[in-house]
Amino acid sequence: MKKTLLALTTLALVSSATAVEAASTKLTLTENVNIRTAATTSAPIITTLKKGTTVTAVKKSGSWYEIRYQSKKAFITSSYVKAATAAKTTTTAKTTTTTTYITNTAGVNVREKANTASKKVGQLTKNAAVSVKKKTGSWYQIVYKKKTAYVHASLITAKKSTVKTTSKPPVTTPVATAVKAVDATKQYTVNASGGLNARLAASASAQIYKTIPNKTLLTVTGTVDAWYQIKLDGKVLYVATSYVAATAKETPPATNGVSIIPVDQAKTYTVNAPSGLNVRTAPTTSSQVFTQVAHGSTVQVMGETTGSTAGWYQIKIGTGYYYVAKSYITTGTVATTPPVTPPPVLTVPASGVMERAISIGQQYLGTPYVWGSSSPINGGFDCSGFINYTLNTAGYKVGRTNVNGYWNNDLYLGQKLSKLRQPVRGDIIFFENTYAAGPTHIGIMLNNDQFIHANTPSLGISRLSEKYWTQKLLGFKAL
């Protein structure tokens, strides 16, 4: 490691294995220096920090200082640290002015260029936050879906806010206390029409792990400055608080004669019914069947019935509340009875347009099911809307209709193919009699067994070999 020199703004160097005071922990680099994952020169290098960078010492162990880098532990040897006189703290008054840009009407067209004759690339809802780069004449240049686009300035309201603060030089605390608790009485939802970037650290320059679709409900575990710490896919990630809406937690509506108790919302509730599970309008087997959900699907459980109606889960589909038998829901791995050995998965490349459609569709896995929607701008898709969006975005122009229209009109997706066909990647698969008579569901094959589809409660992947889907299979079409 290249020898470097650090200026430590503390009272003096501390002895081995002693804590460093939180108010005197700044280390200023006088040269470029490597920081490591452990207190040894053989440990991997996390990064090289440039001369003049300020870092924070948490404690000293032996001849090493433990510091924080992007909210994680890092280490640097004390051999390259020199004591310096602590700077005198002063109180300063600071005035900060920020400007936010919000759409002032519904249906705001987003265009490729700054004129009304330009191609429309999207549409924004009322009160949507807009990332403005600059103003060009009577148009704002914005960032839309990670690309440069334009909206007319008359449809955008610029709101300025001025905050005057009296502050002292910042005091750095260890990361264990830097994450603050959030209001547990609220739920946190993505409020960004183009989606919200989830990053590996609480910094705008940190690596993006995934872009979360608009209106997605987040699992927020704390706040770090202007960032929410969230849990997603088993990982700890960070999202900007300015693109998250915090609202009071939803309370399921009361049902006459039905007593509901809360359930653990952190758990995943999975259907364990090989032939499919009936979703009913009330917690009784004599009530009307609203729809069926497939074996292996996850459902959004809002509560559990007690008393005379015990044994049911209250679930949410779209904006409605329904009931499923608790005995067919598991919070662990689904065990299929009797055991089923799925057929071997054979994957071969699809046509160019279908490969693009599959790639586009997979970006929205986990997006909520939204009845009647064919655009992620609305927060999600229904099954036919998902097909319409992915094909058009992939370059295959097709009109918007329902599943029955796509199946029975050969002008849309070509001729019908028998359900006895051996499916291949890129086939468009059709099902019948799922929630009503006739063609009612549609998806895209990923191989000879798995298919991607918009199904309640969210866009996901299922297997054709599951009994429920095998029984409902209608046929295929291929572009």
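Only residues that are open to solvent by 50 Å² or more (accessible area, probe 1.4 Å) and over 28 Å from the mean Cα position of the chain (by Cα): list them for region 135-154, please. Listed by number, the residues that qualify are LYS135, THR136, GLY137, SER138, HIS152, SER154. Residue pairs, Cβ under 6 Å, 6 or more apart or interchain, first in region 210-224 and at pLDDT 80 or above, second among the polar types (S, T, N, Q) and open to solvent by 20 Å² or more (accessible area, probe 1.4 Å). List them. Taking only residues 6 or more apart or on different chains, the pairs are THR211/ASN197; THR221/GLN229; GLY222/GLN229.
Being more than 24 Å from the chain's Cα centre (by Cα), farther than 15 Å from LEU479 by Cβ and at pLDDT 90 or above, is that true of even one residue in region 376-392?
no
Just one of (1) in contact (Cβ under 8 Å) with a residue 40 or more places away in the chain; (2) open to solvent by 50 Å² or more (accessible area, probe 1.4 Å); (3) touching a strand residue (DSSP E or B) at 6+ places or on another chain (Cβ under 8 Å) fails for SER275. It is (3).
Is it true that GLY399 is out of contact with any strand residue (DSSP E or B) (no Cβ under 9 Å at 6 or more places or on another chain) and open to solvent by less than 50 Å² (accessible area, probe 1.4 Å)? Criteria met by GLY399.
Region 437-479 holds strands (runs of 3 or more DSSP E) entirely within its bounds, and those carrying 1 or more residues that are among the hydrophobic types (A, V, I, L, M, F, W, C) and either farther than 19 Å from GLN362 by Cβ or modelled with pLDDT of 90 or more (or both) map to 439-445, 450-455, 473-477.
Restricting attention to region 182-200, the residues that are among the charged types (D, E, K, R) and more than 26 Å from VAL110 (Cβ to Cβ) total 2.
Evaluation of HIS441 against the conditions (1) within 20 Å of THR291 (Cβ to Cβ); (2) in contact with a strand residue (DSSP E or B) (Cβ under 7 Å, 6 or more places away or on another chain); (3) open to solvent by 50 Å² or more (accessible area, probe 1.4 Å) shows that the sole unmet condition is (3).
Taken over region 100-121, the criterion of being on the phi > 0 side of the Ramachandran plot and surrounded by 14 or more Cβ atoms within 10 Å (Cβ to Cβ) is satisfied by no residue. The C-beta contact set for region 460-479 (first residue in contact (Cβ under 8 Å) with a residue 40 or more places away in the chain, second residue among the hydroxyl-bearing types (Ser, Thr, Tyr) and buried (at least 17 other Cβ atoms within 10 Å of the Cβ), distance under 6 angstrom, 6+ apart or interchain) comprises LYS472/THR434. The criterion of being modelled with pLDDT of 65 or more, in a strand (DSSP E or B) and closer than 25 Å to VAL236 by Cα holds for THR56.
Restricting attention to region 406-429, the residues that are part of a helix (DSSP H, G or I), open to solvent by less than 80 Å² (accessible area, probe 1.4 Å) and at pLDDT below 90 add up to 2. Taken over region 183-202, the criterion of being open to solvent by 40 Å² or more (accessible area, probe 1.4 Å) and touching an Asp or Glu at 6+ places or on another chain (Cβ under 9 Å) is satisfied by GLN187 alone.
Quick check on GLY372: is it assigned to a loop (DSSP other than H, G, I, E, B) and open to solvent by less than 60 Å² (accessible area, probe 1.4 Å)? Working first, answer last.
Details: assigned to a loop (DSSP other than H, G, I, E, B): yes; open to solvent by less than 60 Å² (accessible area, probe 1.4 Å): yes.
Judged against the criteria, GLY372 is a match.
Across region 447-458, the qualifying residues are those that are open to solvent by 10 Å² or more (accessible area, probe 1.4 Å) and either among the aromatic types (Phe, Trp, Tyr) or under 28 Å from the mean Cα position of the chain (by Cα) (or both), and the one among them that is farthest from GLY372 (Cα to Cα) is GLN450.
If you scan region 127-154, which residues turn out to be part of a loop (DSSP other than H, G, I, E, B) and modelled with pLDDT of 85 or more?
GLY137, SER138
Which of the residues that make up region 203-227 are open to solvent by 30 Å² or more (accessible area, probe 1.4 Å) and not β-branched (Val, Ile, Thr)? Of everything in region 203-227, those that are open to solvent by 30 Å² or more (accessible area, probe 1.4 Å) and not β-branched (Val, Ile, Thr) turn out to be SER203, ALA204, SER205, GLN207, TYR209, LYS210, LYS215, LEU217, ASP225, ALA226, TRP227. For LEU391, the conditions (1) part of a loop (DSSP other than H, G, I, E, B); (2) surrounded by 15 or more Cβ atoms within 10 Å (Cβ to Cβ) all hold with the exception of (1).
The values are calculated or read from the model by the stated rules, or taken from the named source; none is laboratory data. Quantities reported herein were computed from a predicted structural model and do not represent experimental measurements. Methodologically, a virtual Cβ is constructed for each residue, glycine included, from the backbone with ideal geometry; neighbour enumeration extends over all protein chains shown. Side chains included, ligands, DNA and RNA excluded: accessible areas come from the protein's heavy atoms. Shrake-Rupley method; radii C 1.70, N 1.55, O 1.52, S 1.80 Å.
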